[in-house]
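Computed from the coordinates by the stated procedures, all read-outs in this text should not be read as laboratory data. This is a predicted model, so every value here is computed, not measured. Neighbour counts run over all protein chains shown; Cβ positions are idealised from the backbone, glycine included.
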């Protein structure tokens, strides 16, 4: 089940409250915690999510209603924005897709790219893999990054010293790229995860 951002926020509040307190919140506790002014709005979310099989209402403590999250019904997705190759422009996906990813990868600043090529294979990143990227314009030396160089996108290890920037492949068949002061260079994101589908 793919949830809208507002529904996901509602579910995440319930999960966070339950983890912190050891029991799920009541409607009133949700209303106060999420700064929602109407119990009717809470009731709509609960009825809708229950109908979608995401949550289940249970009889709680002292006769209060409480809510259980049905984790298996929730899919965590991120946008698949393109295919990244070694030394070629980023190939955009014509119709933006959402792809299911492990639940540890969440956030509006994250996206997924499919890897094409073998320039990073010694880091365990192989052709056909999906990398999870956190969008940011800075990186620490030795992080794997999505780099834009003179209009082309590439996935490489970012090496920065006092006087130079280098983009290192993780395959001895490929050359190190030296970034010159005259180059149009920027960082598009840092790789924070990888997953692979076996067919």
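Things worth noting here:
- Cut-off 14 Å (backbone N to label point 7 Å along Cα→Cβ of residue 137), residues of the range 153-192: 185-189
- Extending 7 Å from the Cα toward the beta-carbon at both residue 8 and residue 118 defines two label points whose distance is 3.6 nm.
- At R0 = 25 Å, FRET efficiency that the Cβ-Cβ distance of residue 106 and residue 195 yields, to 0.05: 0.95
- Potential extension, residue 98-residue 161 segment - 0.36 nm per residue separation minus Cα distance: 19.0 nm
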